[in-house]
Amino acid sequence: MGWVAFYALVAVGLIVALAVWRKWISPWKDARELADDIVGERPPRKFLISGNPEARHVGLALEKLMDRRGDLEKRVRESESSAQTILGAMPDGLAVVDERRTVQLMNPELRRIFGIAEKVSGGTLLELVHNAAVDRLAVEAIRAQEPQRDSIELARGGSEPRELEVTAVPFGENSPDTKGAVILFRDVTHFRKVEKMRRDFVANVSHELRTPLSIFRGYLETLIDDPHQPPGELLRILEVMERHSNRLNALVEDVLSLARLESPGMELTLSDLDLPELLHVVDQFLQARLAAKQLKSHLNFPGTLPRLRADETRLQELIYNLLDNAVKYSKPGGTVFLRAEVAGDSVRISVADQGIGIPENDLPRIFERFYRADKSRSSEQSGTGLGLSIVKHIAQSHGGSVQAESELGKGTTISVVLPIAHE
């Protein structure tokens, strides 16, 4: 009986121990493992804990916590993705710095502007942009808690200097622990160039207008002071005034033409053109000018030139300006060549002269408004300085391009390439 009682007692003990294990030890052990998995960011084996209602409640609570954390992480990833998309799409460079001007965030455009490698993830503002003026601007913005603006010139390697407009906007005014600034870098090089071109254009037009107007005023004063001029002198005065009146009229017409070509709402009146016929018309129109300067013209084109889809008035103006430019700079007794040929899916119209030629350094700029390669001879020429600029705009409005070749003392060739009108 003693042994039976002992075994019965042992059995009861084991049953009690198993019950305690299943209800108190095992559930809380599972709960601990579940918590460790969540803290270690490992996927838990299970969330449902059996044997103990309290442990089961803890497991379900941890499951909800895990789900919420997953939702929060998803939202954070989406927010980060949206922020990166916005920062990547910004046309301006952006840097976020703290109170010590340590860069906390920068966008791809900032890296491009200052040549910052992708592997560089941080550093001070001065170390990254290498510009003390920008660093001082950030210091002043954070100190004064007011936006600061300045312009800097950026030159990297052998590239053309660029002008950047820098704006520093402070944040964290009411929170000393989070003070800093957002620095924006806007490339305004193009706008400054446009502004300079506008100023130069106004200055050049004023200069070109002043010359004939001064001559008019001088001769009018002469006629007022002495109306009874000898017939020969009076005729000379009137001829000079007529010549400058024509120059003034040509200048006004070219300025208006250029303004129309550059206006956003400019529309072309397109039609299918017979190019050989148009070349003949313009060539005949200039025969008097050619003869006055003892020049000959040579027209050359194949008999199977395709028809062009173009604005007839504008194309005629283009060819006229090319020929007029060649006549102006040709030597007496020379020849002006007008050619047209098929070049792939385009037509090339070329005008070549045997004139003074253009220096190589000046070739890229001859299509600028009022630009003259030979400044010493500019006063001798009767042109407005806008002809080749008008040619470039007409060609570009038709989807074409212009190019120039020249050799000093031998002449210049200006070519316009226009797309062929397809059936």
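The values are calculated or read from the model by the stated rules, or taken from the named source; none is laboratory data. If you're wondering where the values come from, they're calculated on a predicted model, not measured in any experiment. Methodologically, a virtual Cβ is constructed for each residue, glycine included, from the backbone with ideal geometry; neighbour enumeration extends over all protein chains shown. Only protein heavy atoms, including side chains, enter the accessible area calculation; ligands, DNA and RNA are left aside. Shrake-Rupley method; radii C 1.70, N 1.55, O 1.52, S 1.80 Å.
For beta carbons closer than 8 Å, sequence separation of 6+ or different chains, a first residue in the stretch 354-366 that is assigned to a loop (DSSP other than H, G, I, E, B) and a second that is loosely packed, with under 12 Cβ neighbours inside 10 Å and of a type in the set (Val, Ile, Thr), there are no qualifying pairs.
The residues of the stretch 148-173 that are open to solvent by 70 Å² or more (accessible area, probe 1.4 Å) and closer than 17 Å to Arg100 by Cα, listed by number, are Phe171, Glu173. Residues in the stretch 192-213 that are without any contact (Cβ under 8 Å) to a residue 40 or more places away in the chain and within 23 Å of Ser245 (Cα to Cα): Val202, Ala203, Ser206, His207, Arg210, Thr211, Pro212, Leu213.
Among (1) of a type outside the set (Lys, Arg); (2) open to solvent by 90 Å² or more (accessible area, probe 1.4 Å); (3) under 27 Å from the mean Cα position of the chain (by Cα), which single condition is Val129 missing? If we test Val129 against (1) of a type outside the set (Lys, Arg); (2) open to solvent by 90 Å² or more (accessible area, probe 1.4 Å); (3) under 27 Å from the mean Cα position of the chain (by Cα), just (2) comes out false. When we screen Val342, Val347, Val351, Val336 for residues that are of a type in the set (A, V, I, L, M) and surrounded by fewer than 23 Cβ atoms within 10 Å (Cβ to Cβ), the only hit is Val342.
Here is a yes/no grid of residues against (1) touching a Lys or Arg at 6+ places or on another chain (Cβ under 8 Å); (2) modelled with pLDDT under 85:
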site	(1), (2)
Gly303	no, yes
Leu318	no, no
Pro332	yes, no
Ala352	yes, no
Asp374	no, yes
Ser378	yes, yes
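Would you be able to say whether some residue in the stretch 87-105 is open to solvent by less than 70 Å² (accessible area, probe 1.4 Å), assigned to a helix (DSSP H, G or I) and at pLDDT below 85? Yes, some residue in the stretch 87-105 is open to solvent by less than 70 Å² (accessible area, probe 1.4 Å), assigned to a helix (DSSP H, G or I) and at pLDDT below 85.
Take Leu363 and decide whether it is within 30 Å of Lys193 (Cα to Cα) and open to solvent by less than 70 Å² (accessible area, probe 1.4 Å). Yes, satisfied. Being touching a strand residue (DSSP E or B) at 6+ places or on another chain (Cβ under 9 Å) and among the aliphatic types (A, V, I, L, M): is that true of Ala117 here? So Ala117 fails the test.
Here Phe216, Phe185 are screened, and the one residue that is touching a helix residue (DSSP H, G or I) at 6+ places or on another chain (Cβ under 9 Å), open to solvent by less than 60 Å² (accessible area, probe 1.4 Å), touching a residue at least 12 places away in the same chain (Cβ under 8 Å) and assigned to a strand (DSSP E or B) is Phe185.
Looking at the structure I just gave you, is Leu305 under 33 Å from the mean Cα position of the chain (by Cα), closer than 30 Å to Gly344 by Cα and hydrophobic (A, V, I, L, M, F, W, C)? Taking the combined requirement at face value, the residue does not satisfy it.
Looking at the stretch 220-232 only, could you name the residues that are part of a helix (DSSP H, G or I) and exposed (fewer than 13 other Cβ atoms within 10 Å of the Cβ)? Break it down into steps so the answer makes sense when it comes.
Narrowing the stretch 220-232 to residues part of a helix (DSSP H, G or I): 220-225, 231-232.
Result: Leu220, Glu221, Ile224, Asp225, Pro231, Gly232.
Of the residues in the stretch 304-314, at least one is free of Cβ contacts under 8 Å to residues at least 60 places away in the same chain, in contact with a helix residue (DSSP H, G or I) (Cβ under 8 Å, 6 or more places away or on another chain) and within 23 Å of Lys392 (Cβ to Cβ).
Restrict the check to the stretch 51-73 and report whether at least one residue is surrounded by 17 or more Cβ atoms within 10 Å (Cβ to Cβ), of a type outside the set (A, V, I, L, M) and either at pLDDT 85 or above or in contact with an Asp or Glu (Cβ under 8 Å, 6 or more places away or on another chain) (or both). Yes: one or more hits.
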